Amino acid sequence: MKKYISTFLIILFCTTLHAGTAFYNIKDYGAVGDGQTLDTPAINKAIESASKAGGGTVFFPAGTYKSYSIHLKSNITIYLDQGSVLLAAETVEGQPGYDHPETNKWGDVHKYQDFGHSHWRNSLMWGENLVNVSITGPGLIDGSKGLSRWGGRPFSPREQQQREQKPGEERPRPERPREDQPVDLSRYNDYGNKAIALKQCRNVIIKDVSFLLCGHFCVLATGIDNMTIDNVKIDTNRDGLNIDCCHNVRISNCTVNTPNDDAIVLKSTFALGMFRSTENLSITNCQVMGYDPGTFLDGTFQTTQELAPDKGGMTGRIKMGTESNGGFRNISISNCVFDRCRGLALETVDGGILEDVTISNITMRNITNAPFFLRVGRRMRAPENTPIGTMRRINISNVIVHNVEPRYGVLIMGIPGHDVTDVKMSNIQIYVKGGAPKEQGNIEVPEMEDGYPDPRMYGDIPAYGFYMRHVDGIELHNVNVSYENEDMRPAFILDDVKNSEFNFIQAQNAKGIPTFKMKDIKNITIFNSGNIENTTIDQADQKNL
């Protein structure tokens, strides 16, 4: 009896699929799916038909569908079936190419954010001002042939046609315009640099799909309200998920391999011409990593690439920033795994308030720079008179970090007059490679108030555990730092730190090297911590413990 019921359900599904009322099979609209024929007209025709009928599912059966820009519509689901590949077509002379980047008065001068953040239409799939959009299914979005890491390319179409695209190949980067120099959009015409770009939409779902080598962003979501990204696999050569000026976002069960740039990055740019925060967002049950591009999806997890080509060190991290005009608030990051990549960064350097963030249940292995990087700065790539940003109410708990590069520690840094405030860190274990000489413990870290915020910009760090500067109100509880090779640096350096407590601290330290090295401190309490006597320091210019 069960057999007959199952057969009936399959027949019913197939009947619905071909009836044309709810499902729109792109092959019914002329798509070939042989990987050679340009299927863009058929795909857009199917979407248009579904839209005119009030909505429906545009179905991609097994096959390889080569396409330029696909125009998303409201009330549409794009469903990539098992065995289906949406292939970004290569830009060649005589072919239509991708939609041209639209003009954007807030982005056509590189004053507030880069080109890639400011344009949406030069993408494989894009939509503006839509509602109820879904991109789902177990199929693959493959950008390896057609999507650029930098927006356009400094080649003529004929030169581009002669080049063979190889997975993970580093392309020459176009010369970047000065911040006061208008962008010549024509140099980017016909080229695509994103797999999915959405602007000012509501009720968006991206679920179950995989991405391969998809240019600057696999997903650029700007000004989106109510968005769910679930069970997505990304293996790409620059950013994975870029969530910008978005509210009410849930990212879960995703695996993101991005050795050359950030994996999951939250931003709040000025690309929409207004200050809009990224807020009410959760990231949970995700993994970020930095294996060779393309070797996560094929299961080989290769490590021949030791450095990101233009950055040094693997990337692959979770980050808030760099662009922070609108700020970040009410963010939860939990149950995430970092592997062979950078750590977690919280940055507000272009104005904006970064507040009310919880980070919990994190494991990190083979971390190539600071496990945690908290930075307030004054780069101020923002409209005139934007105030310097604020970072406050950050809670980090239940973290294990193993095999950290010896150049770095945890970095928590404000700038003079603008402290990082109210940070609580508990139940933290950090194991570093160690091996730094005593001289490194005396290095003066540059302020770089207006510099680009990344740990590598500050050079070697004089603490192997935690380096804190311009901080007001930090609490560390049950924190253990140790090294594999003897390290001649202090575990903790405090510089202009006030109103702070250190409780149940355990730190490995070499003979004659203090656990805490402090200067310009006020109201510091250390208790129940190794061999250090319980201590309260009202004020001191210099103090070692």
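The values are calculated or read from the model by the stated rules, or taken from the named source; none is laboratory data. Bear in mind the structure is a predicted one, so any value in this text is a computation, not a measurement. Backbone-built Cβ (ideal geometry, glycine too); neighbour counts: all protein chains shown. Heavy atoms of the whole protein, side chains included, go into the accessibility calculation; ligands, DNA and RNA do not. Shrake-Rupley method; radii C 1.70, N 1.55, O 1.52, S 1.80 Å.
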- Task: Please give every one of the lysines within straight-line cross-link reach of residue 199, meaning a C-alpha to C-alpha distance under 17 Å, and leave out same-chain neighbours fewer than 8 residues apart.
- Result: 73, 105, 267
- Message: Taking just the alpha carbons, could you work out the radius of gyration and Dmax for the chain, both in angstroms?
- Response: 25.0, 84
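Take the Cβ-Cβ distance between residue 28 and residue 398 as r, set R0 to 51 Å, and report the resulting FRET efficiency rounded to the nearest 0.05.
Values: r = 52 Å, r/R0 = 1.02.
After rounding to 0.05, the efficiency reads 0.45.
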- Item | Two-site FRET efficiency, residue 105 against residue 250, from Cβ-Cβ distance with R₀ of 22 Å, rounded to 0.05 | 0.10
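In what sequence, largest accessible area first, do 348, 303, 77 appear using a 1.4 Å probe?
Working: 348 0, 303 65, 77 35 Å².
From most exposed to least exposed: 303, 77, 348.
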- Task: Could you state the angle between the C-alpha long axis of helix 2-19 and the longest principal axis of the C-alpha atoms of the chain, as a value from 0 to 90 degrees rounded to the nearest 10?
- Result: 80
- Query: Where does segment 433-504 land on the Kirkwood hydrodynamic radius, alpha-carbon pairs, in angstrom?
  - Reply: 13.5
- Message: Using only DSSP helix segments of four residues or longer, with each worth -39500 (n - 2.57), what per-residue ellipticity at 222 nm results for the chain after dividing by its residue count and rounding to 500?
- Response: -2000 deg cm²/dmol
- Query: Exactly which GluC sites (Glu not before Pro) in segment 218-325 are in a DSSP loop and have at most 16 other Cβ atoms within 10 Å?
  - Reply: 306
- Relative to the first principal axis of the alpha-carbon coordinates of the chain, what is the inclination of helix 40-52, with its axis defined by its Cα atoms, in degrees from 0 to 90 and to the nearest 10? 90
- Message: Need one number: the % of Cα-Cα pairs in segment 388-545 sitting beyond the 28 Å mark.
- Response: 12
- Task: Treating the Cα atoms of segment 24-122 as identical point scatterers in vacuum, please give the log10 of the normalised Debye intensity I(q)/I(0) at q = 0.14 Å⁻¹, two decimals.
- Result: -0.61
- Return the FRET efficiency for the residue pair residue 302, residue 533: r is the Cβ-Cβ distance, R0 is 45 Å, and the value is rounded to the nearest 0.05. 0.30
- Task: List every residue whose amide H lies under 5 Å from the amide H of residue 346, counting only residues 5 or more places away in sequence or on a different chain, with H placed 1.01 Å from N in the peptide plane.
- Result: 320, 373, 374, 375
- Query: Reachable aspartates and glutamates from residue 207, Cα under 15 Å, same-chain residues fewer than 8 places away excluded?
  - Reply: 81, 230
- So what's the convex hull volume per residue for the Cα atoms of segment 395-453, in Å³? 118
- Query: Under 18 Å from the Cα of residue 519, which lysines turn up, not counting those fewer than eight places away in the same chain?
  - Reply: 498, 543
- Query: Based on the Cα atoms of segment 361-442, what semi-axes does the equivalent ellipsoid have, where each is the square root of 5 times one gyration tensor eigenvalue, given in whole Å with the largest first?
  - Reply: 28, 17, 12
- Per 10 Å bin, what is the whole-percent P(r) computed from every C-alpha pair distance within segment 452-545? 16, 51, 29, 4
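Could you give the size of the charge dipole of the chain about its Cα centre, using +1 on the Cβ of each K and R and -1 on the Cβ of each D and E, expressed in debye and rounded to the nearest 20?
Details: 56 positive and 64 negative charges, 197 e Å.
Result for the chain is approximately 940 debye, rounded to the nearest 20.
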- Query: Bin by bin, in steps of 5 Å, what percent of the Cα pairs in segment 227-357 do you find, going until the bin that has the longest distance?
  - Reply: 2, 12, 21, 22, 18, 14, 7, 3, 0
- Item | Estimated vicinal HN-Hα couplings, Hz - segment 430-441 in sequence order (Karplus 6.51, -1.76, 1.60; Gly, Pro = x) | 10, 10, 9, 5, x, x, 6, x, 4, 4, 5, x
- Have a look at 333, 291, 125 and report the one farthest towards the positive end of the charge dipole of the chain, computed about the Cα centre with Cβ charges (Lys/Arg +1, Asp/Glu -1). 125
- Message: Please compare each pair in 233/319; 52/233; 111/233 to a cut-off of 30 Å on the Cα-Cα distance and tell me which ones are over it.
- Response: 52/233; 111/233
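When DSSP assigns beta bridges and you keep just the ones with both residues in the chain, what percent turn out antiparallel, to the nearest 5? Don't skip to the end; give the middle numbers.
On the way: 12 of 181 bridges.
Once the DSSP bridges in the chain are tallied, antiparallel ones form about 5 percent.
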- Scan around residue 390 for amide H atoms under 5 Å from its own, H built in the peptide plane at 1.01 Å from N, and keep only partners 5 or more places away or cross-chain. 352, 353, 354
- Query: Label-point separation (nm) for residue 542 and residue 330, each offset 7 Å from Cα along Cα-to-Cβ?
  - Reply: 4.9
